[in-house]
Amino acid sequence: MKVRTQRTSKTDVLKNVKTILFDVYGTLATWSPDRYVIHSRAALQFGIEVTKAGIDAGYAVAEAYMTHENTKTPIRNMTATERDQFFAKFEQLVLQGCGIEVDLELADKIWQAVAAQEYEMVLYEDVLYNLYELRARGYIVGIVSNVPSGGSELSDQLGLSDSIDFAVTSSEVGCEKPDPRIFVEALRRANNTLPNAALMVGDQLESDINGAIGAGIQPVLLDRNNNHPDFADHLRITSLTELQNVLTRK
């Protein structure tokens, strides 16, 4: 994945920041049980053993595929057959991260076993405290997410209604990240913050990092799973506590 670059210093961009935007999945929230547990249970039904490192590596590729496909035909607009085909490919890519090759027919069966399990989205442990601290320091805090629900519903679901100022979703705006329009709407809701006075924090190179750059917003890569250890084009952090520390030193 090629990431766009800007000539501004990684730390200089923090000096005039007024608004901080966050992605949700992989940035503020994750699945419980862990995605490794979910996929391990499903794969074992077909005699396949996976590893956590492999699942994490596979997800990095599969989620990039999801972003790419979303720009062509959003998942919310796919037919049932198209969604089945999409998630079969998604699961195939996840398993390839473990060095396991399966055909799309088997990948579809494994994905159906994944989808049949009970799981929920939960916040990472460092989220609530750091969002509270950011707002206490005067930052406007918002969410920008590709989900099929409204911002208020998403905020309530995650228990973030009292921790953020607003949430913008692709369902509301009618387009998915990396489309600049969803970021423009987020800036509008952030009291018309100028793009160069905003940060976008996310874990996906295409939808979050390149998407932010395309809208004139400074990106911050939150790399919780160390998928991009050599990323050097823009600011890279591994936790929200690290973001807090960087902002303190600005």
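A few points about this structure:
- Taking 182, 100, 20 as the candidate residues, the one with maximal mean-square fluctuation in a Gaussian network model of the chain, Cα springs under 10 Å, is 100.
- Rel. contact order, % - alpha carbon contacts under 8 angstrom, at least six apart, the stretch 35-118: 38
- When only alpha carbons are used to place a centre, the stretch 176-250 and the stretch 32-105 end up 25 Å from one another.
- Dipole magnitude of the stretch 35-118 about its Cα centre (Cβ charges: Lys, Arg +1; Asp, Glu -1), debye to nearest 20: 220
- Here the 3J(HN,Hα) profile of the stretch 51-56, calculated from phi with Karplus coefficients 6.51, -1.76 and 1.60 at θ = phi - 60°, is 10, 5, 4, x, 5, 4 Hz, Gly and Pro shown as x.
- Against the chain, whose longest principal axis is taken from its Cα atoms, helix 240-249 shows a tilt of about 20°.
- Cα-projected label distance for residue 161 with residue 239, points at 7 Å along beta-carbon direction, nm: 3.0
- Between residue 168 and 143, 144, 145, the built amide H atoms are under 5 Å apart, and every one of these is 5 or more places off in sequence or on another chain.
- A simple charge model with +1 on the Cβ of Lys and Arg, -1 on the Cβ of Asp and Glu and nothing else charged puts the dipole of the chain at about 1120 debye relative to its Cα centre.
- In degrees, nearest ten, helix 127-136 long axis to first principal axis of the chain (Cα): 20
- Near residue 230, once Lys and Arg are set to +1 and Asp and Glu to -1 for all other residues with Cβ below 12 Å from its Cβ, the sum equals -1.
- Result for the chain in a Gaussian network model with C-alpha springs under 10 Å: among 131, 104, 28, the largest mean-square fluctuation is at 104.
- Over the chain, DSSP H runs of length four or greater, each weighted -39,500 (n - 2.57), average out per residue to a 222 nm ellipticity of -12500 deg cm²/dmol.
- Dipole of the chain, positive direction: furthest Cα of 61, 187, 174, with charges on the beta-carbon: 187
- When the chain is treated as a GNM with alpha-carbon contacts under 10 Å, the residue of 19, 238, 81 showing the greatest mean-square fluctuation is 81.
- With Cα atoms, 0 to 90° folded angle of helix 180-189 axis to the chain main axis: 50
Any read-out appearing in this document is the output of simple, stated calculations on the displayed coordinates, not a laboratory observation. Everything numeric here is computed off the predicted structure, so don't read it as measured data. Counting neighbours? That spans all protein chains shown, and the Cβs are built from the backbone with ideal geometry, glycine included.
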